[in-house]
1. Work out, in µm²/s and without decimals, the Stokes-Einstein translational diffusion coefficient of segment 48-171 at 37 °C, 0.692 mPa s, Rh from Kirkwood over C-alpha pairs.
2. Does segment 1-93 come out rounded, prolate or oblate by the C-alpha gyration tensor, with a ≥ b ≥ c the root eigenvalues, rounded set by a/c under 1.5 and, if not, prolate when a/b is larger than b/c and oblate if not?
3. Could you sort 43-55, 564-576 so that the peptide with the highest average Cβ count within 10 Å comes first and the rest follow in order?
4. So, in nm, how far is label Q240 from label L462 when the simple model puts each one 7 Å beyond its Cα toward the Cβ?
5. Setting aside same-chain residues fewer than 8 positions from K70, which aspartates and glutamates have a Cα under 16 Å from its Cα?
6. Just name one of S200, G572, F480: the one whose Cα is farthest towards the positive end of the charge dipole of the chain (beta-carbon charges, Lys/Arg +1, Asp/Glu -1).
7. Tell me the Kirkwood radius of segment 110-166: reciprocal of the mean inverse pair distance over distinct alpha-carbon atoms, in Å.
8. What number, in percent, do you get for the relative contact order of the chain if the mean sequence gap of Cα pairs under 8 Å and at least 6 apart is divided by its residue count?
Amino acid sequence: MNLQILGFWDYLVIGLYLLFIIGTGLLFNHVNKNVDEYFRGGGSMLWWMAGMSSIAASISAWSFTGASAKVYQSGFLLPMVWFIGTPISCAILWYMAPRFRQMRVITSIEAVARRFGFGTEQFYVYMLLPMALFWGGVGINTIAVIVGAAFNIPTAVAILCLGVTVTLMAMLGGQWAVAATDFVQTLLMFLTVAVVVYFSVNLPEIGGIMNLQNTLPERHFDFSQFARFELVLFWCLVMQVITVINTLNLNTEGAKYLQVKDAAQARGMVLLRFFLMFVLPLSILMQLPAMCAATIFPDMSTLFPDLKIPEEGAFLAMAFHTLPQGMLGLLICGMFAASMSSMDTALNRNAGYFVRNVYIKYLNKRASDHRQLVVGKIFTAVFGLIIVLIGLFVDQLRDVNLFDLFQILNAIIWLPSLVPAALGIIYKKTPGWSGWSTVMVGLLVAMIASNLYSPERMQALLGYSAPLNPTENTDGRFIFVSLIVLVSTVSWFFFTSLFYKRTTLDYQERVNEFFQDMKTPVVHEEVHSNEQDHMQYQLVGLMALVFGGFILLGVLIPNPLWGRFCFMFVGGALFLIGVVLFGMSHRMKRKSMSLAAKGKR
């Protein structure tokens with residue numbers, strides 16, 4: 001059975017939304033006066049804007065495709081791993097977030113240079129640039145899977161349309177536009193997902209959230225039905241360890257904290273993450289529709305016969321089943337928003353790496369600030385083209401589901417780069433070459449471990465008499481490779497500390513200065529800081545007012561009364577937030593004018 005998912009009103013909503021995204025780039029174009037503001041918002045962002053942008057980066061479109069496919073199969077296992085990991089990561093960030101901000105750099109690679117020196121800096125540039133472009137291509141392919149299925153168009157066409165839109169926004173508005181758009185779009189995503197969750201769990205076949213245990217498949221609660229206990233336990237432990245290391249990694253999580261004003265704002269970001277992901281808790285609630293889909297649609301291939309992995313459409317199927325006209329278009333917009341932050345990493349941040357760590361060091365050492373800004377915009381566009389091409393390439397080759405694809409690539413490629421970047425900012429007594437050499441050791445070991453792995457070897461290691469099933473085989477490969485890479489890279493990094501005393505005094509002094517800076521608070525120039533605060537409240541408030549008002553017009557779409565209430569809830573909440581932010585901007589402006597008047601007396 002094929003689904004005609006989107007109607008006229010959904011297409012209209014999505015079309016106006018894409019114009020809104022490009023308009024955001026134009027709105028913030030005048031804000032970027034130098035490269036610092038273009039690549040990290042001048043280090044002047046407030047906690048609520050940078051914090052929501054950071055959360056958007058952790059909730060990608062993959063959460064609604066690859067992760068949903070995993071949840072469709074295994075139920076509460078993956079959401080519970082995320083839930084348990086939140087307080088652990090937040091506790092670490094409470095200590096590290098201020099130190100990230102106080103590194104006094106524009107790009108995270110510049111922090112790598114301060115910690116490890118020129119050699120490791122250049123190694124990371126030439127490693128992270130292609131890796132981030134690759135992940136950007138995978139990310140755009142992820143959202144294109146949903147958009148293509150929803151529009152009933154080829155995934156390649158969806159990749160092209162999405163890539164052009166995001167590239168224009170990032171190129172015109174820089175990091176200010178990306179973070180502001182992340183804030184409004186992530187709110188939109190949460191509100192729309194809340195509607196899907198409410199209607200999904202209250203379907204007659206489900207019977208409410210308190211009845212989930214009676215209506216969801218037994219495998220959603222008994223994890224041993226798809227994998228044996230030891231494998232499930234090892235998988236959970238490895239996922240937690242990788243989450244902790246990623247929390248410390250200045251090139252991923254840490255890069256977001258470079259954007260805020262000071263240590264207090266950085267810790268505000270941490271509190272926002274803890275509240276949304278643990279207190280609410282969104283990490284579990286957002287996956288409830290995919291679990292319900294296992295009961296409502298036990299055979300996803302009949303709904304999405306053209307998807308390579310039909311289960312990746314589980315969340316979308318529930319949205320189609322429950323949402324009124326026009327609201328599904330909003331959900332597609334929200335999922336698109338979820339992919340925006342990973343796209344930003346491959347576009348704006350990578351352009352920053354190129355300009356600050358390659359262009360001004362090799363190609364034009366005397367480049368003016370304006371020249372760097374222009375080059376940054378040009379290479380944002382160039383990288384946009386590259387990730388579109390990579391997205392098309394990934395779509396041609398992919399024959400495994402997105403969750404398994406991410407697991408395999410994380411273990412083999414991403415994990416080796418995380419360890420030195422994470423450990424290097426908490427332990428300083430290693431030589432400069434400890435950074436790049438640890439990555440090389442990790443990549444070499446990962447390739448060897450991947451070739452050494454076999455289902456039979458894993459079966460023997462665990463002492464199982466019966467062969468591994470397909471799920472156990474995939475998870476077993478991830479566990480096997482990840483553990484070997486972790487042990488080898490951590491061991492090698494600390495082994496290099498034996499050579500620390502042989503490093504030059506100049507290197508040791510530079511590293512000591514870097515660690516001292518991480519402990520020293522950043523002091524903002526008060527007048528400029530107040531202007532930037534006012535700008536953020538005003539422009540983001542205006543965006544929320546406009547988009548919230550636009551969504552409120554959805555009550556005019558010919559829907560039943562419950563459908564009109566959906567638009568009132570989503571649009572009304574967004575509009576109210578806009579009123580609060582815009583009102584605070586006027587309050588700050590009046591306060592500044594009052595202080596200026598007193599100063600003239």
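1. Numbers: Rh = 17.6 Å.
In µm²/s, the coefficient rounds to 187.
2. Values: a/c = 3.74, a/b = 1.14, b/c = 3.27.
Oblate, because a/c is 1.5 or more while a/b does not exceed b/c.
3. Put in order of decreasing packing, that is 43-55, 564-576.
4. Distance between the two pseudo-spin positions: 1.9 nm.
5. Within the straight-line cut-off, K70 pairs with E218, D222, D299, E311, E312, D399, D404, E472, D475.
6. Highest projection toward the positive end goes to G572.
7. On the way: mean 1/r = 0.0760 Å⁻¹.
In segment 110-166 this quantity evaluates to 13.2 Å.
8. On the way: 947 pairs, mean separation 155.7, N = 601.
Relative contact order here is 26 percent.
The values are calculated or read from the model by the stated rules, or taken from the named source; none is laboratory data. All values derive from a computational prediction rather than experimental measurement. Neighbour counts run over all protein chains shown; Cβ positions are idealised from the backbone, glycine included. What goes into the accessible areas is simple: the full protein's heavy atoms, side chains included, and nothing from ligands, DNA or RNA. Shrake-Rupley method; radii C 1.70, N 1.55, O 1.52, S 1.80 Å.
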